[in-house]
Amino acid sequence: MTRPVLVIADLHLDPSRPAATRTFLRFLQEEAPQGEALYILGDLFEAWLGDDAVAADEPALQALRTAAEATELYIMRGNRDFLLGDGFAEATGATLLPDPSVATIHGERVLMMHGDSLCTDDPEYMAFRAQVRDPAWQAHFLALPLEERLEQARQARRASTERNQQLDDATMDVAADAVAGAVHEHDVRWLIHGHTHRPAVHELATPHGPGKRFVLGDWFEHGSVLRCRPEAWTLETLPHEG
Ligand code: MN
């Protein structure tokens, strides 16, 4: 029997949202092992200040490691956890996926992205993204003492929250021409991404005929998972317990 492929993103795991962590741990234990593969497309963590900043016995890391023994585990970096590195991959048994990546699900080529690189109507963010993805910038940041990294992250978060309040809805969504360009460049009919926290399944016109753009939801109020079964790919929610 063909097993489902599971795709999630934007969990934003953080001590301030314990319900999301509980739902994720349950999902890893009960559902992930039934799947052929689990893809986590960015912002698994609310913040990631370096692989050295997190204890190896962190429950989420241990649960990922256990899951990776039962299923193929792929993790992409998001705009919050863009510093996930080889130490994290080693600790969890996950394969770090470049953004973008083309994966094959049940014989179909699928473009997977976090989604922030599609927000091209926001040039200021795109400039910030280019800066923090620069290996020299990252090496410099990771060499700072943890306290200093925490402080810089706090400042960046404050600035981004203030800025986002001034942006209109359309600017914060993906740009239609960026989506069309990515689909064309990678020659796919199917695109899966997160980042915008606007879960939906959009029709997509592609050179190969009609396709779909699946937008994963965040895990704030409940979990969100795209279950790709051979007969249908459906975007579903996972309730948080009590
Ligand atoms: Mn994001």
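The values are calculated or read from the model by the stated rules, or taken from the named source; none is laboratory data. Computed from a predicted structure; not experimentally measured. For neighbour counting, all protein chains shown are included, and Cβ atoms are generated from backbone atoms with ideal geometry for every residue, glycine included.
Collect the residues in segment 101-119 that are polar (S, T, N, Q), touching a residue at least 24 places away in the same chain (Cβ under 8 Å) and part of a strand (DSSP E or B), keeping them in residue-number order. Write out each step before concluding.
First, the residues of segment 101-119 that are polar (S, T, N, Q): 101, 104, 117.
Checking the rest, the ones that are also touching a residue at least 24 places away in the same chain (Cβ under 8 Å) come to 101, 117.
Listed by number, the list holds a single entry, Ser101.
For segment 63-79, which positions are part of a loop (DSSP other than H, G, I, E, B) and either touching a helix residue (DSSP H, G or I) at 6+ places or on another chain (Cβ under 9 Å) or among the hydrophobic types (A, V, I, L, M, F, W, C) (or both)?
Of all residues in segment 63-79, those part of a loop (DSSP other than H, G, I, E, B) come to 71, 77-79.
If the condition is that a residue be part of a loop (DSSP other than H, G, I, E, B) and either touching a helix residue (DSSP H, G or I) at 6+ places or on another chain (Cβ under 9 Å) or among the hydrophobic types (A, V, I, L, M, F, W, C) (or both), then Thr71, Gly78, Asn79 are the ones that fit.
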Is it the case that segment 197-204 has a residue that's assigned to a helix (DSSP H, G or I) and without any contact (Cβ under 8 Å) to a residue 40 or more places away in the chain? no
Kindly provide the set of residues from segment 1-25 that are surrounded by fewer than 16 Cβ atoms within 10 Å (Cβ to Cβ) and in a helix (DSSP H, G or I), ordered by number. Pro18, Arg22
Scan segment 80-100 residue by residue and report those that are part of a helix (DSSP H, G or I) and either within 16 Å of the ligand (Cβ to nearest atom) or not aromatic (Phe, Trp, Tyr) (or both). Asp86, Gly87, Ala89, Glu90, Ala91, Thr92
Taking segment 216-242 as the region of interest, how many residues are of a type outside the set (Gly, Ala, Ser) and surrounded by 20 or more Cβ atoms within 10 Å (Cβ to Cβ)? 7
Starting from segment 73-85, keep only residues that are of a type in the set (S, T, N, Q), then list their pairs with residues that are within 11 Å of the ligand (Cβ to nearest atom) whose Cβ atoms are within a distance under 8 Å, requiring at least 6 positions of separation or different chains. Asn79/Gly42; Asn79/Asp43; Asn79/His114; Asn79/Asp116; Asn79/Arg129; Asn79/His195
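Name the residue, out of Arg213, Arg198, that is within 18 Å of the chain's Cα centre (by Cα), surrounded by 19 or more Cβ atoms within 10 Å (Cβ to Cβ) and of a type in the set (D, E, K, R).
On the way: Arg198 fails: surrounded by 19 or more Cβ atoms within 10 Å (Cβ to Cβ).
Result of the check over Arg213, Arg198: Arg213.
Consider Glu124 carefully, then state whether it is modelled with pLDDT of 95 or more and in a helix (DSSP H, G or I).
Values: modelled with pLDDT of 95 or more: no; in a helix (DSSP H, G or I): yes.
Answer is no for this residue.
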Odd one out for Leu111, checked against (1) within 16 Å of the ligand (Cβ to nearest atom); (2) closer than 21 Å to Pro98 by Cα: (1)
